[in-house]
1. For residue 393, are the conditions met, namely being of a type outside the set (D, E, K, R), over 19 Å from residue 479 (Cβ atoms) and at pLDDT 95 or above?
2. Among the listed residues 375, 406, which satisfies the condition of being open to solvent by 10 Å² or more (accessible area, probe 1.4 Å) and in a strand (DSSP E or B)?
3. Against the definition (open to solvent by less than 10 Å² (accessible area, probe 1.4 Å) and under 22 Å from residue 422 (Cβ atoms)), how does residue 351 come out, yes or no?
4. What number of residues within region 95-125 satisfy the criterion of being surrounded by 24 or more Cβ atoms within 10 Å (Cβ to Cβ) and either of a type in the set (Phe, Trp, Tyr) or closer than 22 Å to residue 390 by Cβ (or both)?
5. How many of the residues making up region 26-46 are assigned to a helix (DSSP H, G or I) and in contact (Cβ under 8 Å) with a residue 40 or more places away in the chain?
6. Within region 104-180, considering only strands (runs of 3 or more DSSP E) that don't extend past its boundaries, which have at least 2 residues that are aromatic (Phe, Trp, Tyr) and either at negative phi or touching a Phe, Trp or Tyr at 6+ places or on another chain (Cβ under 6 Å) (or both)?
7. In region 275-307, how many are hydrophobic (A, V, I, L, M, F, W, C) and under 28 Å from residue 451 (Cα atoms)?
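The values are calculated or read from the model by the stated rules, or taken from the named source; none is laboratory data. Quick caveat: nothing in here was measured; it's all calculated off a predicted structure. Here the Cβ is made from the backbone with ideal geometry for all residues, glycine too, and neighbour counts use every protein chain on show. Keep in mind that these areas ignore ligands, DNA and RNA; they rest on the heavy atoms of the full protein, side chains included. Shrake-Rupley method; radii C 1.70, N 1.55, O 1.52, S 1.80 Å.
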Amino acid sequence: MTISMGRVRAFSASALLCSCGMSVCAQTLFFTEVSDQTGIVVNQETPVDMPMRLVMAGGAVGDFNSDGWQDLFVLSGGVEPDHLFINNGDGTFTDRAAEWGVALAHFGVAATCADFNGDGWMDISVSSMGPSAGLPSAGQNMLYRNNGDGTFTDVAVSAGVAMRVQAPDSFATAFGDYDNDGDLDMFSTAYTLAHQGNRLWRNNGDETFTDVTAIAGLDAMIPESASGYVPSFIDLDMDGALDIILIGDHGTSMVFKGNSSGTFSNFTSSVSRLNTANGMGLAIGDLNGDGRLDFYISSIYFSFLQTSGNLLFIQQANGTFQERARLSGVNQCGYSWGVLMVDLDHDGLEDLVATKNADGTPTQIFKDLGGVQFVDISGPCGFNHFDGGRGLVNFDYDNDGDEDIVVFTNNGRIGVWRNDLFGDDINSLRVNLDTSARPTLAPEGYHSVVRLSHGGATHMQVIDGATNHCSSGEHGAHFGLGADTAADWVRVEWRDGTSTTVADVAANQVLTVRAPFHPGDFNGDDLLDLSDITDFVAAFNARSPSADLNGDGLHSLNDLSTFVRWYLGL
């Protein structure tokens, strides 16, 4: 599907230079608040008797009807039913929550989207404290199975995940295939000061889950004081075993390194100053382009208090993390909540976004200047969200190639901000993954690494489910290409150690890379035959990037031997 990038709108003088005001740039970044225009009009309100009512507001992005346009599920807070905004494909949405069976009024906390049963339809996990007509209670979490016919069914009870903690404060969930069996497992958090609040759930492959927190060694490592907000599965060191990041309040954030045995080890001490954070939001990506994953978390900054402020962790060559938010200019964000890492202006650098309390200063957009240096450009870009932001997601709702933003406001109006990027050098590429032909890989290629080369530079993103504070965002990989009208190649490194490379990819489209049914199916025709051999040899002789199977930039005997092993299934 090709995306039109020709949209140009007239803007006022306030849309001048979002390149920190120092020089004219080829891109002009400007945001327009479009809640009314899109029909996504929600005033989040939590009842006064809801525990922790001031910390939550969220929702989740997902293409629930698989029509190529992303939709939005919104937690209303409990005073009114939740909303399911289905994208009409024309810049507007229609609330279908009632007919899809999710228009419930409840003490909703957080939402995460994933295809947990691998049937090709996006499901929704909801953390809840029960119907808002009663008192908050435990065991009320929901797992909405997408039936593929415009309806959802809550299967949390039969799946064994309705009761995630013995207290009414389940907080959030993340999905990831930690045991590499092709289905998505789950990690859930809770804010309670009870040990059982943060749990690992193994997907049994039959729409049920088993609590394996103790078996995985996490019970012994997570203290009773852990106040979990945001969970995330991510292979930080790219060794093939998924790690877990647990973002928590009161200095209780932790990092667990995955072992090949399905157990975990405490890696927290290798992340400088992580224990100083009142952690609330999480964003992950390669900020400095060194091929290693970094992460950014929100916290609290006030000049008159001994608080950490937001923290930015840059991964070093030895696998440890150095904190440098203050040096990078992204530390002093007040009382911060949701955060994002996304290339908003398509210059090839990942920008940062951080919501905050309604404290007189807006949600902040930090432009990446390169060299892990940032500058706040919120005002010049027209991003004037002064309300109490909590959850935060990016998604290209209008399929125009640039990333739009939704701020979920606590006890206030949701903010939908359209990215009206314009200029000469605003090319981009979005990459989605399809693993339906190879069931040994997790749905949507979760935790696959996507690398892209253009103009002599290589960029990397990981498909990780985009969990954030009370929310989860767009699942695909989005790359800004600047002036380049094509990528030299896009390589997907699947979780089983194989890869697929597509050469000469035109910009301004959604590229879907499909994992072939067999690693040796080089030409992707769903057959394993002589044509795969001849096509590989032809690509190898032509020095095509598609035949560089190990991604080292060479065409050598290593690639030939790799193809033979993949073809023979060794």
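1. Numbers: of a type outside the set (D, E, K, R): yes; over 19 Å from residue 479 (Cβ atoms): no; at pLDDT 95 or above: yes.
Here the answer is no, as residue 393 does not meet what is asked.
2. On the way: 406 fails: open to solvent by 10 Å² or more (accessible area, probe 1.4 Å).
Matching residue, one of 375, 406: 375.
3. Values: open to solvent by less than 10 Å² (accessible area, probe 1.4 Å): yes; under 22 Å from residue 422 (Cβ atoms): yes.
Yes.
4. Selection size over region 95-125: 11.
5. Residues that pass the stated criteria total 3.
6. On the way: elements: 106-114, 123-131, 142-146, 152-154, 170-176.
Result: 170-176.
7. So the first thing to find is which residues in region 275-307 are hydrophobic (A, V, I, L, M, F, W, C), and the list is 277, 280, 282-284, 287, 293, 295, 297, 300, 302, 304-305.
This time we only want the ones that are under 28 Å from residue 451 (Cα atoms), so: 282-284, 287, 293, 295, 297.
Counting residues in region 275-307 that are hydrophobic (A, V, I, L, M, F, W, C) and under 28 Å from residue 451 (Cα atoms) gives 7.
Conditions tested, residue by residue: (1) among the acidic types (Asp, Glu); (2) in contact with a strand residue (DSSP E or B) (Cβ under 7 Å, 6 or more places away or on another chain); (3) on the phi < 0 side of the Ramachandran plot.
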{"residue": "202", "(1), (2), (3)": "no, yes, yes"}
{"residue": "206", "(1), (2), (3)": "yes, no, yes"}
{"residue": "209", "(1), (2), (3)": "no, yes, yes"}
{"residue": "218", "(1), (2), (3)": "no, yes, yes"}
{"residue": "223", "(1), (2), (3)": "no, no, yes"}
{"residue": "227", "(1), (2), (3)": "no, yes, yes"}
{"residue": "231", "(1), (2), (3)": "no, yes, yes"}
